[in-house]
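The values are calculated or read from the model by the stated rules, or taken from the named source; none is laboratory data. The structure displayed is predicted, hence computed values, not measured ones. Don't worry about glycine lacking a Cβ; one is built from the backbone with ideal geometry, like all the others, and counts go over all protein chains shown.
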Amino acid sequence: MRGRSLFQKMAAAPHIVWAVMFIVAPMLFVIYFAFTDESGNFSFSNISSLSRYSNVFILSIAFALIATVVCLIIGYPLAYFMAKARPKMQKILMVLIMLPMWCNLLIRTYALMALLDNGGLLNTLLENLGLDKLYIVGSDFGVILGMVYDFLPYMVLPIFTTMTKLDQRYIEAAADLGCNPIKTMIKVIMPLTVSGVISGVTMVFVPSISTFYISQKLGAGKIDLIGDTIERLFKNTSTYGVGAAISLVMMILILISVWIMNKFSDNEGGIVI
């Protein structure tokens, strides 16, 4: 038992070192700079200055919530269709869902820009058809569309995993008791897949609220979200502490989201941190 225990400790050592160097240490640095001034003295000035960025927080949360709701509206029926499809069709749909994720997020965003830009493929086609252009890049809609496009798989996969594990006897029992498909969906399937929904909502909301590249490119620099603000503040040494304070708030929001996911999800929810 001692040898096994020692082996387990040795096996866990690389993970612990990695976590300390790249998770714990950066978080401690963020906390340190958030509560110190330029001279390194303890101060709440960075925290108190967060009120100036209240509009940025509100806009970022609003965009993240809208993107999450849209992903849920699209992702839940898609996950249900995938769960009901034949195994061969499930594999095809899974590949189609995962295929964009094989590319880097930067490449996907640039590709979306090429499609939606004022001189892009979509507007060129509309122009050739004699229709008005759609000015999507540089708008709120463009940023939210980019979030939905990039993070939709994170909503579909946990819900799909939960649906594939549903006990079909519950659905058969509901049908025997006179439930039509709509009632079965509302009263049986949806309550049993709540854990997958919560996992999906968290996995979409967290990256949506912290993104900055999508808003920079699809927002054409006109839309300032939390991620953009943090990046700009970190580039200036005089505002480094304020950037750390905003990052600290982001860390707290993310930890709360993960706590909610773990509390209301179960092991059948697909992905639980």
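Can you name the condition, by its number, that Ile256 falls short on among (1) touching a residue at least 24 places away in the same chain (Cβ under 8 Å); (2) within 30 Å of Pro100 (Cβ to Cβ); (3) surrounded by fewer than 19 Cβ atoms within 10 Å (Cβ to Cβ)?
It is condition (1) that Ile256 fails.
Limited to region 37-91, what total is found for residues that are surrounded by fewer than 18 Cβ atoms within 10 Å (Cβ to Cβ) and farther than 24 Å from Tyr154 by Cβ?
Residues meeting the conditions: 19.
I need the full set of residues from region 190-199 which are more than 12 Å from the chain's Cα centre (by Cα), among the polar types (S, T, N, Q) and in a helix (DSSP H, G or I), in order please.
Ser195
Being part of a helix (DSSP H, G or I) and over 28 Å from Ile256 (Cβ atoms) narrows it down to one of Thr161, Thr124, Thr202, so name that one.
The unique qualifying residue is Thr124.
Against the definition (at pLDDT 90 or above and within 18 Å of the chain's Cα centre (by Cα)), how does Tyr76 come out, yes or no?
Yes.
Can you tell me how many residues within region 207-226 are part of a helix (DSSP H, G or I) and either among the basic types (Lys, Arg) or buried (at least 22 other Cβ atoms within 10 Å of the Cβ) (or both)?
Taking region 207-226 and keeping what is part of a helix (DSSP H, G or I), we get 207-210, 213-218, 226.
With either among the basic types (Lys, Arg) or buried (at least 22 other Cβ atoms within 10 Å of the Cβ) (or both) added as a condition, the list becomes 208-209, 214-215, 217-218, 226.
Here the count works out to 7.
If I go through region 25-47 residue by residue, how many of them are in a helix (DSSP H, G or I) and within 13 Å of Leu248 (Cα to Cα)?
Residues flagged as in a helix (DSSP H, G or I) and within 13 Å of Leu248 (Cα to Cα) within region 25-47 amount to 11.
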